[in-house]
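Every number here is computed from the coordinates shown, using simple stated rules; none is lab data. Please read these numbers as outputs of a predicted model, since none were measured by experiment. Heads up, the Cβs are rebuilt from the backbone with ideal geometry, glycines too, and the neighbour counts pull from every protein chain shown.
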Amino acid sequence: MTLPILQRENVVVLIIDLQERMMPPMPNKERVLKNANVLIEGAKAYDLPLFYSEQYPRGLGPTVSSLADRLKSASAFCLEKTCFTAALPPLLDKIRDTGRKQIIISGVESHICVFQSVRDLLKEGFEVFVPWDAVDSRDEKNRDIALEQFCLMGAHVTSTETLLFELIYNSADDNFKRLQALIK
């Protein structure tokens with residue numbers, strides 16, 4: 001059994017479809033958006049590549065503004081898509097170009113776009129980390145089933161706080177106090 005050890009030099013963050021018209025029916029939208037922000041700020045603190053997708057933005061709107069501004073300021077690559085998976089050539093090529101093999105995923109809906117992206121990224125040989133508190137579905141049972149399926153497929157289901165502290169690693173780190181404040 002290999003242990004899931006997050007390595008800063010090997011990680012990218014992918015935000016899937018956290019869009020204006022996708023979020024209102026999500027039962028845990030505040031928690032998901034807060035934790036997506038934590039992941040984005042953690043990525044920015046350690047210069048981790050950031051990527052995000054938008055599912056049919058003409059109909060479902062852009063990424064929520066509170067995240068979009070942060071993603072754009074970090075020069076994150078945006079994939080506009082109509083397929084449910086985000087593991088498509090433009091985005092996949094950009095991730096491969098980084099040479100990194102670990103992907104942290106936040107997004108909606110867990111059982112559709114997140115599920116197909118996790119499955120396809122695992123199939124492509126990436127190690128995938130899914131914080132349970134940074135994904136959601138309109139029906140919580142669908143989210144719970146998706147989280148179980150992620151584990152069965154070989155992804156690592158964890159929490160945002162666990163991932164953040166793995167990135168920080170040491171309380172003597174220059175980013176520790178600023179990033180710790182994000183989860184309080």
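Taking region 128-167 as the range and being among the hydrophobic types (A, V, I, L, M, F, W, C), buried (at least 16 other Cβ atoms within 10 Å of the Cβ), touching a residue at least 24 places away in the same chain (Cβ under 8 Å) and in a helix (DSSP H, G or I) as the test, the residues that pass are W132, A134, A146, L147, F150, L163, L164, L167.
Pick out, from region 4-78, the helices (runs of 4 or more DSSP H) lying fully within it that include 1 or more residues that are acidic (D, E).
Numbers: elements: 29-45, 57-60, 65-73.
Per the criteria, 29-45, 65-73.
Identify, please: which residue in region 32-66 is hydroxyl-bearing (S, T, Y) and in contact with a helix residue (DSSP H, G or I) (Cβ under 9 Å, 6 or more places away or on another chain) and is, among those, nearest to K177 (Cα to Cα)? Talk me through it step by step, then tell me what you get.
The first filter runs over region 32-66 and keeps only residues hydroxyl-bearing (S, T, Y), leaving 46, 52-53, 56, 63, 65-66.
When the remaining residues are screened for being in contact with a helix residue (DSSP H, G or I) (Cβ under 9 Å, 6 or more places away or on another chain), the result is 46, 52-53, 63, 66.
Working: Y46: 14, Y52: 27, S53: 30, T63: 28, S66: 22 Å.
Filtering region 32-66 for residues that are hydroxyl-bearing (S, T, Y) and in contact with a helix residue (DSSP H, G or I) (Cβ under 9 Å, 6 or more places away or on another chain), the one nearest to K177 (Cα to Cα) comes out as Y46.
Would a scan of region 44-62 turn up a residue that is under 25 Å from E9 (Cβ atoms), surrounded by 15 or more Cβ atoms within 10 Å (Cβ to Cβ), of a type in the set (S, T, Y) and in contact with a Phe, Trp or Tyr (Cβ under 8 Å, 6 or more places away or on another chain)? Yes, the conditions are met somewhere in region 44-62. Among the numbered conditions (1) surrounded by fewer than 17 Cβ atoms within 10 Å (Cβ to Cβ); (2) in contact (Cβ under 8 Å) with a residue 12 or more places away in the chain, the only one that G99 does not meet is (2).
Is it the case, given these coordinates, that F129 is of a type in the set (F, W, Y), within 15 Å of the chain's Cα centre (by Cα) and more than 21 Å from V64 (Cα to Cα)? Give the steps one after another, and end with the answer.
Working: of a type in the set (F, W, Y): yes; within 15 Å of the chain's Cα centre (by Cα): yes; more than 21 Å from V64 (Cα to Cα): yes.
Spelling it out, F129 is indeed of a type in the set (F, W, Y), within 15 Å of the chain's Cα centre (by Cα) and more than 21 Å from V64 (Cα to Cα).
Counting the residues of region 22-31 that are closer than 10 Å to V64 by Cβ, in contact with a helix residue (DSSP H, G or I) (Cβ under 9 Å, 6 or more places away or on another chain) and of a type in the set (K, R) gives 0.
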